[in-house]
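The values are calculated or read from the model by the stated rules, or taken from the named source; none is laboratory data. Keep in mind that what you see is a predicted model, and the values were worked out from it rather than measured. Virtual Cβ from ideal backbone geometry, glycine too; neighbours counted across all protein chains shown.
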Number of protein chains: 2
Amino acid sequence: MWFEDIPLHVKTVLGSYTFTEENILAFARIYDPQPFHIDKEAAAHSPYGGIIASGWHTAAVWMKLTIAHRRAAVEAGAAATQDNYVSPGVRDLRWHRPVRPGTTLIYTNETSAKLDWPSRPTFGLLEGTNEARDAEGALYYSFVNRVLIARRPK
Amino acid sequence: MWFEDIPLHVKTVLGSYTFTEENILAFARIYDPQPFHIDKEAAAHSPYGGIIASGWHTAAVWMKLTIAHRRAAVEAGAAATQDNYVSPGVRDLRWHRPVRPGTTLIYTNETSAKLDWPSRPTFGLLEGTNEARDAEGALYYSFVNRVLIARRPK
């Protein structure tokens, strides 16, 4: 699929993930050992009133679900490749609500902008708006990913 | 320290971290199981020519080093609190070079902008430019963090 073939405003469900006390602590003990991520007692007396997930855990789960979704699409014949795209980075990561143990978040990606990328004219830049919401639709996390995709050869 | 007291263009070394095959695989097996992150044989035949770290691993390490740095500052009496600041999110994460096993990255934060935050006029927004470079100064990762800091009461 070439850059020109990608439709805008198409939303894809990437998958869902349940944050548990176990996986929250496992991530935070290594990468974000703040008391309200790793210490139940201290977290209970923090402004959050209990353990919450590290924001970087919430972010990393997006990658996990994206890889699993892409792999399933390849296996189903719905995508030609699971090759990684070239990305000039991501932007605007926002953590809207604390993620508590027992919360299941549904991650989605919506194609949101197609831009020129002058330094590599044979590619276009696709932006996707990514969100993580609970079953009631409350927004917990969002960011914009950006990938360079080859244009159709002329 | 109030928002008004924070000087711009001050660079702080947050700490350093050595990416190893062990910690690269441990992160990627859970959160980013692409072949070039978790499978030595497949990685050798990928465009990267070997295992590289997940970009989200490189990102999470910033949090790890920031927490350790803040804790050390509190213990040394150089900071009054290790309380978490309120953040409206981060922006412009960029992965400039692949991170291979054996690479040690030095993470730094430089205060780079002080902005008004109209929805919370008793706070100001401090932006920091964060970089991860090797000992020779080559840039691997960068992003901008943003924290709301209380202004001095009038």
Has region B:119-138 got any residue that is at the interface with chain A (Cβ under 10 Å from one of its Cβ atoms), surrounded by 14 or more Cβ atoms within 10 Å (Cβ to Cβ) and basic (K, R)?
no
Quick one: is B:R91 within 13 Å of chain A (Cβ to nearest Cβ), surrounded by 15 or more Cβ atoms within 10 Å (Cβ to Cβ), under 27 Å from A:R94 (Cβ atoms) and out of contact with any Phe, Trp or Tyr (no Cβ under 9 Å at 6 or more places or on another chain)?
no
Just checking, does region A:99-109 include any residue being within 14 Å of another protein chain (Cβ to nearest Cβ) and either within 30 Å of B:V74 (Cα to Cα) or at pLDDT 95 or above (or both)?
yes
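Suppose we filter A:H69, A:H57, A:H37, A:H45 for residues that are surrounded by 14 or more Cβ atoms within 10 Å (Cβ to Cβ) and without any contact (Cβ under 8 Å) to a residue 24 or more places away in the chain; which single one remains?
A:H37
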Enumeration of residues in region A:8-38 that are within 13 Å of chain B (Cβ to nearest Cβ) and acidic (D, E)
A:E22, A:D32
Subset tally (residues that are under 10 Å from the mean Cα position of the chain (by Cα), more than 10 Å from chain A (Cβ to nearest Cβ) and of a type outside the set (S, T, Y)) for region B:39-64
0
